[in-house]
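One structure is given here, and the rest of the page talks about it.
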Amino acid sequence: MRRSDISGFYKLPIEERLRLLKDFAGLTDEEVNILKKTGALELDSANRMIENVVGTTELPLGIATNFLINGKDYLIPMAIEEPSVVAAASYAAKLARPKGGFNTNSTEPIMIGQIQLVSVNDIEKAAQEILNKKEEIIELANKQDPILIKFGGGVKDVEVRKINTKRGEMLVIHLLVDVRDAMGANAVNTMAEAVAPFLEEITGGKARLRIISNLADRRIARAKAIWSKDILGEELVEGILDAYAFAEADQYRCTTHNKGIMNGIDAVVIATGNDFRAVEAGAHSYAARNGRYQSLTKYYKNEDGDLVGEIELPVAVGTVGGATRTHPIAKIALKILGVKTAKELGEIIAAVGLAQNFAALRALASEGIQRGHMELHATNIAVLAGAKGDEIDEVAEQMIKEGNINVQRAKEILEEMKK
Ligand code: MEV
């Protein structure tokens with residue numbers, strides 16, 4: 001019988017893990033060789049990043065063009081498997097250029113570390129005690145990371161919140177940490193763990209969780225762009241405003257609307273080796289901050305009748321630490337962007353999110369998105385049907401011409417071509 005409780009899998013050499021995996025899953029030699037064949041991220045490095053490694057996986061890396069952000073030109077690396085995303089972002093950025101491209105700004109890179117205190121006898125008194133000892137708490141936390149302090153980061157403030165839960169009242173302490181160019185989870189978690197015993201001592205309570213919050217609402221990036229009505233046409237401006245109104249009024253639509261934004265955001269976050277789960281969690285939570293799930297972008301007409309688009313969301317990304325410096329592609333992606341700080345990277349990411357959303361709404365409000373998808377989709381189907389080399393484009397073109405794109409038809413066309 002196949003069993004998954006393999007003791008010490010993590011201690012085995014990769015070759016041995018692959019042998020076990022081959023037996024377990026009935027992999028062929030060819031499949032095992034595919035697993036062994038890595039790209040830029042070598043097996044040895046991957047094996048130091050996570051546990052139980054047996055290979056690496058790849059995504060296409062594309063470059064979005066045309067981005068003019070705060071008067072500076074950027075080429076944007078995007079890692080994503082979905083057709084049309086890179087082209088759409090580039091197109092939106094192109095249409096934004098005549099009115100100056102994107103303008104961005106952001107807050108300081110402040111992340112929140114949470115410490116949960118339970119079994120506190122006198123909550124009011126404990127809260128006051130914590131505030132009285134704020135300076136000592138900050139000093140203790142900052143001792144954990146002298147390098148961050150050297151670069152101007154560290155805990156900037158301490159906040160105390162009382163929350164009602166189904167297990168009674170709790171005190172939640174927030175450390176507001178300026179994490180400079182890091183994503184910040186490591187620094188913040190270390191600090192939260194370090195101050196917890198002191199908080200217990202001051203309050204007589206019991207510290208439970210000590211962890212960063214991914215609702216990074218003190219680390220906000222904003223971007224704005226104007227799309228000229230002379231380029232879009234008045235009808236399209238109205239169409240995009242209707243699309244935006246739809247998203248604002250309906251959560252089913254709004255989720256998809258924000259998903260389109262995240263197409264662009266995640267692609268840059270992944271290309272630069274950042275934690276896309278953290279950015280995703282933060283974005284959607286921020287979208288619901290008013291008690292209702294809302295759009296991360298907004299659109300309106302200015303006095304000239306041009307379309308103005310704006311985006312605002314937390315973007316917790318770094319340019320140091322984690323995979324940003326250990327993944328060879330991430331390092332190159334950061335070099336292509338030429339960013340100097342995490343703040344600049346966050347703003348670029350916000351601009352890409354806005355561009356992506358504009359592009360989706362533009363397409364949806366006019367010809368629909370399928371036309372743009374067709375070409376790459378047809379190519380993928382041709383490959384699935386077994387087309388190779390020049391056959392791929394020929395099969396794809398034929399299917400597009402017929403308006404009939406599926407594997408069965410691709411196979412038939414291939415057969416006919418081979419006759
Ligand atoms: C597809 O990945 C993204 C869109 O659905 C976004 C949207 O509907 O706004 C096109």
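The values are calculated or read from the model by the stated rules, or taken from the named source; none is laboratory data. All values reported here derive from a predicted model rather than from experimental measurement. In this analysis, Cβ positions are derived from the backbone assuming ideal geometry, glycine residues included, and neighbour counts consider all displayed protein chains. Surface accessibility is based on the protein's heavy atoms, side chains included, excluding ligands, DNA and RNA. Shrake-Rupley method; radii C 1.70, N 1.55, O 1.52, S 1.80 Å.
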### Task
Could you name every one of the helices (runs of 4 or more DSSP H) located completely within segment 73-162 that has at least 1 residues being surrounded by fewer than 20 Cβ atoms within 10 Å (Cβ to Cβ) and within 16 Å of the ligand (Cβ to nearest atom)?
85-96
### Message
Looking at segment 231-278 only, could you name the residues that are acidic (Asp, Glu), out of contact with any Phe, Trp or Tyr (no Cβ under 8 Å at 6 or more places or on another chain) and either within 18 Å of residue 78 (Cβ to Cβ) or without any contact (Cβ under 8 Å) to a residue 12 or more places away in the chain (or both)?
### Response
235, 238, 250, 275
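Can we say residue 311 is away from the ligand (no atom under 16 Å from the Cβ) and among the aliphatic types (A, V, I, L, M)?
On the way: away from the ligand (no atom under 16 Å from the Cβ): no; among the aliphatic types (A, V, I, L, M): yes.
In short, no.
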### Task
Name every residue in segment 6-19 that is open to solvent by less than 100 Å² (accessible area, probe 1.4 Å) and charged (D, E, K, R), in order of residue number.
16, 17
### Message
Can you tell me how many residues within segment 81-137 are of a type in the set (Asp, Glu) and under 28 Å from the mean Cα position of the chain (by Cα)?
### Response
3
### Hits in segment 367-400 (condition: among the small types (Gly, Ala, Ser), over 14 Å from residue 92 (Cα atoms) and either in contact with a strand residue (DSSP E or B) (Cβ under 8 Å, 6 or more places away or on another chain) or open to solvent by 10 Å² or more (accessible area, probe 1.4 Å) (or both))
368, 385, 386, 389
### Residue selected from segment 344-366 under the condition away from the ligand (no atom under 12 Å from the Cβ) and either among the basic types (Lys, Arg) or surrounded by fewer than 24 Cβ atoms within 10 Å (Cβ to Cβ) (or both), by the criterion nearest to the chain's Cα centre (by Cα)
347
## Note on the structure
Checked segment 283-310 for anything in contact with a His (Cβ under 9 Å, 6 or more places away or on another chain) and surrounded by fewer than 18 Cβ atoms within 10 Å (Cβ to Cβ); matches are 293
### Message
Give all pairs with beta carbons closer than 6 Å in which a residue from segment 97-108 that is farther than 26 Å from residue 218 by Cα meets a residue that is surrounded by 15 or more Cβ atoms within 10 Å (Cβ to Cβ) and not acidic (Asp, Glu); count only pairs at least 6 apart in sequence or on separate chains.
### Response
97/68; 98/228; 99/226; 99/228
### Task
Tally the residues that are more than 15 Å from the ligand (Cβ to nearest atom) and hydroxyl-bearing (Ser, Thr, Tyr), restricting the search to segment 266-306.
4
### Query
Hey, among the residues in segment 242-265 that are aliphatic (A, V, I, L, M) and closer than 22 Å to residue 352 by Cβ, which one's farthest from the ligand (Cβ to nearest atom)?
265
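Out of 207, 223, I need the residue that is away from the ligand (no atom under 13 Å from the Cβ) and under 19 Å from residue 356 (Cβ atoms). Which one? Even if it seems obvious, please write down each step before you answer.
Details: 207 fails: under 19 Å from residue 356 (Cβ atoms).
Of the residues listed, the single one that is away from the ligand (no atom under 13 Å from the Cβ) and under 19 Å from residue 356 (Cβ atoms) is 223.
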### Task
Could you figure out which of (1) without any contact (Cβ under 8 Å) to a residue 12 or more places away in the chain; (2) crowded, with 19+ Cβ neighbours inside 10 Å isn't true of residue 166?
(2)
### Message
Quick check on my filter: what residues within segment 246-282 are of a type outside the set (Asp, Glu), open to solvent by less than 50 Å² (accessible area, probe 1.4 Å) and closer than 12 Å to residue 297 by Cα?
### Response
247, 254, 257, 258, 260, 261, 262
### Message
For segment 197-206, check the following and say yes or no: at least one residue is assigned to a loop (DSSP other than H, G, I, E, B), open to solvent by less than 30 Å² (accessible area, probe 1.4 Å) and not aliphatic (A, V, I, L, M).
### Response
yes
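In segment 23-46, which residues are assigned to a helix (DSSP H, G or I) and under 27 Å from residue 327 (Cα atoms)?
Scanning segment 23-46 gives 30, 31, 32, 33, 34, 35, 36, 43, 44, 45, 46.
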### Query
How about segment 327-380: which of its residues are among the β-branched types (Val, Ile, Thr) and either modelled with pLDDT of 95 or more or under 22 Å from residue 77 (Cα atoms) (or both)?
329, 332, 336, 339, 341, 348, 349, 352
### Task
Look at residue 325 and say whether it is over 28 Å from residue 253 (Cβ atoms) and open to solvent by 20 Å² or more (accessible area, probe 1.4 Å).
yes
### Message
If I filter segment 47-59 down to residues being in a loop (DSSP other than H, G, I, E, B) and open to solvent by less than 80 Å² (accessible area, probe 1.4 Å), which single residue comes out as nearest to residue 377 (Cα to Cα)?
### Response
56
